[in-house]
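Take a look at the structure below.
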Amino acid sequence: ITVLPVNIEYFKGVKSGNLHLLFWKVNCINTSLVTLTIERSSDALHFTPVYAVNSDLQRCLQPFAYTDSRALPGINYYRLKMKDANGAVNYSTIIALLNKETGFELVSLLPTLVQNNKAFLEMTSAEQSKVELFINDISGRQVQRISKQLIAGSNGFALDFSTLAKGTYYLSAYSVQGRKRVIRFVKQ
């Protein structure tokens, strides 16, 4: 078993007005120094650094925070790059924050080929709100309905599809403002 020199406990983001607040905690196990870099992207493919901090073992014991006061218009994707003293690099998962006054976006549903009845839905919301999730089969018949409360920021939900038969489905999300977003998935 290989022990990574830096392990991430969490990486979270919330929206407060026009600010994107990022919070994270890491464990520095086998390294004397780590460089932690927040990277941002508008497309989740091409990232640029927006903040970096060097940390020793003592500092790694405490949580970190960064406020992005110059968020890009629309969806901002963030990830944490962790580089240890030997040059080994590790990345966090990507979180998304929406830089708008209102609205939400479906970021991802993983996996989209559901084999074990479970999937994880990631959403980002510009404001605290409620969404209704509808699962419809390929013929358009509603087979499941789920209500979720969103925070202004990154939101993640585990979904249970054990009651669904094998087939193709559409997950539709509706906000109280009437906005709609859709993701297609297959249950095997």
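Things worth noting here:
- In this structure the amide hydrogen of E127, modeled in the peptide plane, comes within under 5 Å of the amide hydrogens of G103, G153, none closer than 5 places in sequence on its chain.
- Once the 1.4 Å probe is applied to the protein heavy atoms, the chain comes out at 53 Å² accessible per residue.
- Label-point separation, Y170 to T67 (7 Å along Cα→Cβ), nm: 4.2 nm
- Local charge for L113 was computed over the other residues whose Cβ lies under 13 Å away, with Lys and Arg +1 and Asp and Glu -1, and equals +4.
- Here the accessible area is traced with a 1.4 Å probe on the protein chains. For the range 1-152, carbon and sulfur cover 51 percent of it.
- Among residues other than N18 with Cβ under 11 Å from its Cβ, the summed charge is +1 (Lys and Arg +1, Asp and Glu -1).
- Residue list for the range 63-98, given a label point 7 angstrom along the Cα-to-Cβ vector of L33 and an amide N cut-off under 13 Å: 83-87
- Each Lys and Arg Cβ is given +1 and each Asp and Glu Cβ -1; about its Cα centre, the chain then shows a dipole of about 440 debye.
The values are calculated or read from the model by the stated rules, or taken from the named source; none is laboratory data. Since the structure is predicted, the reported quantities are computational estimates derived from the model, not experimental observations. FYI the Cβ positions are ideal-geometry reconstructions off the backbone, even for glycines, and counts take in every protein chain you see. Ligands, DNA and RNA are excluded from the accessible area calculation, which covers all protein heavy atoms including side chains. Shrake-Rupley method; radii C 1.70, N 1.55, O 1.52, S 1.80 Å.
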